[in-house]
Amino acid sequence: MFSSVNASSGLTAADIERLSIPGKQVELVRGRLVVREPPGTRHGVIAANLTAHLSNFVRQRGLGTVCAQDSGFMIASDPDTVRAPDVAFLEGQQAGRIPECGYAELAPALVVEVLSPDDSLSEVLAKVADWFASGTRLVWLVDPHQRQVHVYRQSGGISLLGGDAALDGEDLLPGFVCPLPDVFA
């Protein structure tokens, strides 16, 4: 099916740009295609809530760009890895590196991953590790079932937020605050 692919290197980012699997979501992890069912509706609502809050804050201050669900980023090459977070924040200078087509070859400064019921802990932690290895500084891992957010920092710090707590942009987005009830609304 992919004549440009050889067995030793697997698929490339260019290969998956041409790939269409209707009704499925794909990522490329070290040359290996990962195909998943689309997330549920609740997942989309949470991702949209965070996208709206972040986008409004970022636009009002001219801080960069917020990308919505399914935006792919090529975060490693040879073998290629293309990850697609649920929400991503690109700092000002990063926004200028978004190509007209294909995947931006960069790691967003902030990544939001919303857990799906079929996500395994090892897969999710592998994603977090991939993001940090490629330069992401902050990851918010949102758990809709527990109504909690795990905050992972590139420095190794981890926090667990629940109840009426609020997400904080920390030193990446100073002044950004989003109460968890707004995330899960």
Exercise for review: Tell me which residues, restricted to the range 127-185, are closer than 30 Å to V26 by Cβ, among the aromatic types (F, W, Y) and in contact (Cβ under 8 Å) with a residue 60 or more places away in the chain.
Suggested key: W140, F184
Review point. Counting only residues that are in a helix (DSSP H, G or I), open to solvent by less than 40 Å² (accessible area, probe 1.4 Å) and in contact (Cβ under 8 Å) with a residue 40 or more places away in the chain, which one in the range 50-83 is farthest from T136 (Cα to Cα)?
Key: F57
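Of all residues in the range 86-101, which are assigned to a loop (DSSP other than H, G, I, E, B) and either among the acidic types (D, E) or at pLDDT 95 or above (or both)? Quick ask: steps written out before the conclusion?
Filtering the range 86-101 for residues assigned to a loop (DSSP other than H, G, I, E, B) gives 86, 96-101.
Within the range 86-101, D86, E100 meet the criteria.
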**Study point:** Single residue of the range 18-49 satisfying the filter (outside any helix (DSSP H, G or I) and hydrophobic (A, V, I, L, M, F, W, C)) that is surrounded by the most Cβ atoms within 10 Å (Cβ to Cβ)
**Key:** L28
Review point. Does D15 satisfy the criteria of being open to solvent by less than 60 Å² (accessible area, probe 1.4 Å) and more than 27 Å from G175 (Cα to Cα)?
Key: yes
Study note, to complete from the structure: Filtering the range 84-93 down to residues that are open to solvent by less than 20 Å² (accessible area, probe 1.4 Å) and of a type outside the set (G, A, S) yields P85, D86, V87, F89, L90
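How about the range 103-177: which strands (runs of 3 or more DSSP E) wholly inside it have at least 2 residues that are among the hydrophobic types (A, V, I, L, M, F, W, C), at pLDDT below 95 and surrounded by 15 or more Cβ atoms within 10 Å (Cβ to Cβ)? Please lay out each step first, then the result.
Details: elements: 110-114, 138-143, 148-153, 158-162, 166-168.
Hits in the range 103-177: none.
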Exercise for review: Determine, yes or no, whether I46 is at pLDDT 95 or above and under 23 Å from V128 (Cβ atoms).
Suggested key: yes
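The values are calculated or read from the model by the stated rules, or taken from the named source; none is laboratory data. For clarity, every value in this text was computed on a predicted model and none was experimentally measured. Positions of Cβ are generated from backbone atoms using ideal geometry, with glycine treated the same way; all protein chains shown enter the neighbour counts. Heavy atoms of the whole protein, side chains included, go into the accessibility calculation; ligands, DNA and RNA do not. Shrake-Rupley method; radii C 1.70, N 1.55, O 1.52, S 1.80 Å.
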